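Right, one structure below, let's go through it.
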There are 2 protein chains.
Amino acid sequence: MQKESLLKIDKELIENLSELIEAKDTHSILTIFANLHPADISEIINHLDKDDAQYVFSILDKNLAVEVITELDEDLREEILAKIDADRITGIVDELETDDATDIIGDLPESLAEHVLENIDKEDSKDVKELLKYPEDSAGGLMSSDFVFVYNDATIQTAIEEVRKHSDEFEQIYQIYVLDKENKLLGFTSLKTLLTNSLETKIVDVMEEDLIFVTPETDQEEVAEIMEKYDLVSLPVVDNERRMLGRITIDDIVDVIQEEAEEDISKMAGLIDDEEYSHSTLKVSRIRLPWLLVSLAGELVSAVVLSSFQASIEKVIVASFFIPIIMAMGGSAGQQAAIVMVRNMSSNKLWLSDAAKKLFKEFRVAFVNGLASAIILLVMTYMFFSTQLNFSFLLSITLLIIMINATMIGATVPIVLNKIGVDPVVATGPFVSTMNDIVGLLIYFTILSLFYIR
Amino acid sequence: MQKESLLKIDKELIENLSELIEAKDTHSILTIFANLHPADISEIINHLDKDDAQYVFSILDKNLAVEVITELDEDLREEILAKIDADRITGIVDELETDDATDIIGDLPESLAEHVLENIDKEDSKDVKELLKYPEDSAGGLMSSDFVFVYNDATIQTAIEEVRKHSDEFEQIYQIYVLDKENKLLGFTSLKTLLTNSLETKIVDVMEEDLIFVTPETDQEEVAEIMEKYDLVSLPVVDNERRMLGRITIDDIVDVIQEEAEEDISKMAGLIDDEEYSHSTLKVSRIRLPWLLVSLAGELVSAVVLSSFQASIEKVIVASFFIPIIMAMGGSAGQQAAIVMVRNMSSNKLWLSDAAKKLFKEFRVAFVNGLASAIILLVMTYMFFSTQLNFSFLLSITLLIIMINATMIGATVPIVLNKIGVDPVVATGPFVSTMNDIVGLLIYFTILSLFYIR
């Protein structure tokens with residue numbers, strides 16, 4: 001079968017399918033699926049509601065189910081598996097590579113997980129039990145224990161035979177690893193090397209010895225950075241004695257990069273967890289509410305600050321008109337500085353030893369932008385609000401001070417959080433902006449009280 | 001050479017190197033580099049200041065320079081190339097794959113670019129000129145015209161010979177493409193297939209015909225989505241007649257995914273461009289200032305709104321204490337909704353035909369969180385601010401209305417922007433929050449004036 005263009009999965013397709021599902025027209029559904037890539041079938045199922053998704057998955061033949069299951073949304077997958085009988089799950093898991101099998105078994109209820117582990121291939125079962133020990137977001141949690149290897153006395157001929165023996169197990173073979181008799185990793189070679197050397201060549205004479213590897217404890221973010229930096233399609237995972245444990249492939253890392261970026265964006269938006277499209281109203285509320293309440297608590301403090309300046313506000317009511325400017329400008333400048341700082345830290349461009357230099361640069365940037373904003377504010381208030389010149393002047397000076405202050409808070413908090421072991425991206429959420437609001441208003445009315453209102 | 005662990009590039013290493021650079025101790029520098037991966041050398045150069053970077057790059061031998069140049073930061077690379085003589089550049093570019101060569105030639109001053117194009121391999125020069133026609137962020141801009149192919153009358157034997165012939169050109173060969181005599185793409189095969197079938201097997205009998213491909217105009221974001229979804233390591237690019245033009249590899253796409261995520265984060269922070277660590281104070285100011293000025297202009301409107309309610313504020317000075325709560329809660333709720341909506345849209349989870357359903361869900365979420373916040377505010381103001389009960393009550397109702405309103409604005413603006421062809425991520429910047437500030441304050445004081453202040 002050849003596809004002239006990529007499938008467009010749209011509402012119409014899903015609606016047509018829903019009708020077939022309602023009519024339990026298994027034959028038509030499977031006929032449509034016969035022409036689709038398994039990844040497309042997964043995407044379609046991800047768009048169905050729970051019951052329809054369960055039904056559709058249940059009619060797939062085992063080989064297709066094996067390919068579809070790995071691409072399903074995690075929440076939906078759990079719900080689908082909850083409705084399937086244990087033997088079918090066992091049959092599906094038995095065909096998966098160990099990394100995918102581990103992901104799925106790890107999400108099953110304990111008794112079911114045990115049943116599956118007892119009934120799949122013994123070798124795989126042992127591997128999966130090992131893999132289950134590692135956190136999901138570590139190299140150990142990402143790796144597969146299926147890899148092609150030869151010992152260091154092998155020739156090209158032996159290696160080719162090894163590839164042939166395992167060719168059905170792997171969709172892609174990126175590397176053949178070379179191990180010594182104690183399973184220590186010595187090097188690797190590519191299929192290209194096997195094709196371009198004579199059969200009797202010793203593998204150790206042609207293998208790459210320039211090894212890049214990680215241990216199972218390595219965080220997935222670091223794994224992603226390494227694979228990205230060195231342009232690797234596969235990365236070996238070894239223990240402390242450099243014995244080969246498994247390998248991580250680039251397709252898993254692409255998902256990690258995507259995931260980490262989404263996580264950062266969620267945190268910036270003040271979401272305590274990733275929001276899925278399928279989540280219920282209450283679940284979404286729970287994800288969004290905590291930071292809203294932090295904001296609320298912080299701004300109640302702002303209200304206390306303002307109430308303590310009640311007398312000043314009463315005397316100069318015009319001062320209250322500029323509360324939004326003070327808050328918004330401090331908030332924006334602080335947010336910009338925090339986000340840039342977090343990004344520099346996460347891409348390793350900022351070393352903490354350089355922090356003072358970087359903070360001084362932030363100061364200069366804040367001064368330039370604060371001055372530009374202050375001048376504009378001075379002119380605008382004097383022209384359009386018929387405020388007294390000395391009020392406009394004080395207001396503009398205050399804006400400059402607040403923008404510098406907010407920028408420095410925004411840039412410093414991520415460094416401090418990092419030092420005390422908290423993910424610095426938290427600083428880009430409502431935390432810093434709320435703090436900036438309180439401090440900004442305090443500065444604003446203190447200056448007014450000292451120099452303007454007598 | 002074998003590395004026991006990955007190199008740690010830190011300030012100490014850079015400082016030691018700077019001393020060697022100052023002493024022009026070429027020999028020691030190259031001795032250090034001899035043990036490093038080219039990607040590490042690039043990272044080191046990226047951390048040096050301009051003059052040192054130029055010097056270090058100039059002492060690299062050509063083969064190493066070829067590997068180092070592709071990983072340099074773009075701005076720095078331009079400055080380094082500006083100081084190198086044309087023939088060295090030509091020599092380096094001549095060794096690059098066409099996609100990398102195109103990136104570099106595209107950044108050179110015109111006369112220099114012409115010199116290089118005239119002096120590199122004629123075939124490559126033709127390819128690069130073709131590739132230069134495509135925008136950098138399209139499939140055409142990402143693809144390389146170097147790929148291994150055979151015609152459809154080939155046998156496995158012919159394919160293996162083809163691989164051997166080109167094995168020096170490619171570090172990795174992911175696929176061998178099968179074309180007909182008009183260069184139309186018919187299928188592909190992997191090196192694994194070459195190794196596991198007999199030499200006389202016809203390639204058309206074993207090739208994969210299940211083709212996924214793109215045209216050169218395809219946006220890089222779509223390319224990334226396709227490669228991610230179908231777990232591809234390489235993706236063919238064809239013209240409208242399906243004639244093979246080139247192929248995109250996964251390592252380039254990993255960079256694209258990273259780049260797109262950073263771009264979104266920049267836009268969310270209200271930066272008009274990506275801020276680089278090496279940028280000057282004024283350049284950083286220019287990147288951050290435009291959105292700050294949008295904020296300033298918007299909040300000047302807020303000031304006008306407040307001044308129009310001067311009489312009300314004078315009568316009920318306590319109303320001004322809660323301006324920060326109104327602003328911050330509307331701002332946060334709107335920002336959360338905007339970011340979630342933008343993410344759903346960019347991951348294709350939201351179809352516009354479902355927008356009404358999604359907006360209704362946003363309404364329910366806003367109602368739940370608004371109600372929770374309003375109740376807390378009611379209790380807190382009544383207990384701690386000794387406000388009148390009916391003021392507290394009105395204030396809380398207002399908070400609920402404002403949070404619902406801000407959420408709906410935050411969720412709707414991205415959809416509208418998308419409809420009129422503007423990148424919806426703009427909605428997550430200061431634009432929506434400024435709008436929410438103005439509308440929120442207007443609602444707040446209108447309600448107070450109507451129902452409380454007489």
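Taking Cα atoms only, the orientation of helix A:323-346 departs from the longest principal axis of chain A by about 30 degrees. Across all C-alpha atoms in the stretch B:11-139, the radius of gyration and Dmax reach 15.3, 45 Å. The orientation-averaged projection of the convex hull spanning the C-alpha atoms of the stretch B:323-405 amounts to 5.5 square nanometres. Here the stretch A:55-108 has an Rg and Dmax of 9.9, 26 Å, counting Cα atoms alone.
Extension gain, A:Asn16 to A:Glu130, is 36.6 nm, computed as 0.36 nm per intervening residue step minus the present C-alpha separation.
Note on A:Asp354 and B:Gln388: with the Förster distance fixed at 45 Å, the Cβ-Cβ geometry gives a FRET efficiency of about 0.25. The aspartates and glutamates whose alpha-carbon is closer than 14 Å to the alpha-carbon of A:Lys358, local same-chain residues fewer than 8 away aside, are B:Glu275, B:Glu276. Size of the stretch A:192-238: Rg and Dmax of its alpha carbons, in Å, are 14.2, 41.
Applying the Karplus relation 6.51 cos²θ - 1.76 cosθ + 1.60 with θ = phi - 60° to the stretch B:124-135 yields 3J(HN,Hα) values of 4, 4, 4, 4, 4, 4, 4, 5, 4, 6, 8, x Hz, where x marks Gly and Pro. Assuming charge only on the beta carbon of Lys and Arg (+1) and of Asp and Glu (-1), the dipole of chain B about its Cα centre is about 3800 debye to the nearest 20. Extension gain for the segment B:Asp153 to B:Ile84, taken as residue separation times 0.36 nm less the Cα-Cα distance, is 20.1 nm to one decimal. Taking each label point as 7 Å beyond Cα in the direction of the beta carbon, state the distances from A:Glu78 to the same residue in the other copies, shortest first, in nm. Once sorted, the set of distances for A:Glu78 reads 4.9 nm.
Shown in residue order for the stretch B:76-81 are the 3J(HN,Hα) couplings computed by the Karplus curve 6.51 cos²θ - 1.76 cosθ + 1.60 at θ = phi - 60°: 5, 4, 4, 5, 5, 5 Hz (x for Gly and Pro). Grab the other residues whose beta carbon is less than 14 angstrom from that of B:Glu200, score K and R as +1, D and E as -1, and report the net. Local net charge: -2. Can you bin chain B into rounded, prolate or oblate? Criterion: square roots of the alpha carbon gyration tensor eigenvalues sorted a ≥ b ≥ c, rounded for a/c under 1.5, prolate for a/b above b/c, oblate for the rest. Prolate is the answer for chain B, as a/c is 1.5 or above and a/b outweighs b/c.
Rounded to whole Å, give me the distance from the Cα center of the stretch A:146-189 to that of the stretch A:241-299. The stretch A:146-189 and the stretch A:241-299 have Cα centres separated by 37 Å. The charge dipole of the protein assembly as shown, taken about the Cα centre with unit charges on the Cβ atoms of Lys, Arg (+1) and Asp, Glu (-1), comes to about 6020 debye, rounded to the nearest 20. The calculated FRET efficiency for the pair B:Lys8 and B:Glu314, based on their C-beta separation and a Förster distance of 60 Å, comes to about 0.40. With N the number of residues in the stretch B:25-91, Rg(Cα) / (2.2 N^0.38 Å) evaluates to 1.00. If amide H atoms are built 1.01 Å from N in the plane of the peptide, which residues on other chains or at least 5 residues away come under 5 Å of the amide H of B:Phe149? Amide H to amide H, under 5 Å and 5 or more residues apart or across chains, B:Phe149 pairs with B:Tyr177.
Here the Kirkwood formula puts the hydrodynamic radius of the stretch B:149-255 at 14.4 Å, using every distinct Cα pair. Here is how the number arises for the protein assembly as shown: DSSP H runs of 4 or more residues each give -39500 (n - 2.57), the sum is divided by the residue count, and the result at 222 nm is -20500 deg cm²/dmol. Residues A:Val254, B:Val365 in ascending order of nearby Cβ atoms (within 10 Å, fewest first): A:Val254, B:Val365. Each residue of the protein assembly as shown gets 187 Å³ once the volume of the Cα convex hull is shared out per residue. For B:Glu118, neighbours were defined as the other residues whose beta-carbon sits under 14 Å from its Cβ, and their charges (Lys and Arg +1, Asp and Glu -1) total -4.
The residues neighbouring A:Ser307, those whose beta-carbon lies less than 13 Å from its own, together hold a net charge of -2 under the Lys/Arg +1, Asp/Glu -1 convention.
The charge dipole of the stretch A:263-386, taken about its Cα centre with unit charges on the Cβ atoms of Lys, Arg (+1), Asp and Glu (-1) only, comes to about 400 debye.
Scalar couplings 3J(HN,Hα) for the stretch A:83-99, obtained by applying the Karplus form with A = 6.51, B = -1.76, C = 1.60 to θ = phi - 60°, are 9, 9, 6, 4, 6, 5, 4, 4, x, 5, 4, 4, 8, 7, 5, 4, 5 Hz; x denotes Gly and Pro. For chain A, take the longest principal axis of its alpha carbons; what is the angle in degrees between that and the long axis of helix A:50-59, to the nearest 10 within 0 to 90? Value to nearest ten degrees: 20. Projecting label points 7 angstrom from Cα along Cα→Cβ for B:Thr215 and A:Asp25 puts them 3.2 nm apart.
The shape of the stretch B:303-363 can be summarised by an equivalent ellipsoid whose semi-axes, obtained from the alpha carbon gyration tensor, come to 37, 11, 10 Å from longest to shortest.
Measuring between alpha carbons in the structure, the pairs from A:Lys50/A:Lys126; A:Lys50/B:Lys419; A:Lys129/B:Lys8; A:Lys83/A:Lys129 lying more than 27 angstrom apart are A:Lys50/A:Lys126; A:Lys50/B:Lys419; A:Lys129/B:Lys8. Taking the label point 7 Å along Cα→Cβ, A:Ile447 and its counterparts in the other copies are spaced 3.2 nm apart, in ascending order. The convex hull of the Cα atoms of the stretch B:281-451, projected and averaged over all directions, covers 11.9 nm². Once backbone amide H atoms are built at 1.01 Å from N, A:Val238 has A:Val214, A:Thr215, A:Leu245 as its partners under 5 Å, excluding neighbours fewer than 5 places away on the same chain.
Label zone of A:Leu282 (point 7 Å out along Cα→Cβ, amide N under 20 Å): in the stretch B:376-410 this covers B:376.
Angle of helix B:38-47 to the longest C-alpha principal axis of chain B, folded into 0 to 90 degrees and rounded to 10: 40°.
Counting only lysines at least 8 places from B:Lys315 when in the same chain, those with an alpha carbon closer than 16 Å to its own are A:Lys315.
Only the coordinates and a few stated rules stand behind these numbers; no lab work does. A quick note: this is a predicted structure, and the numbers were derived from the prediction, not measured. So basically every Cβ, Gly included, is an ideal-geometry build from the backbone, and we count neighbours across all protein chains shown.
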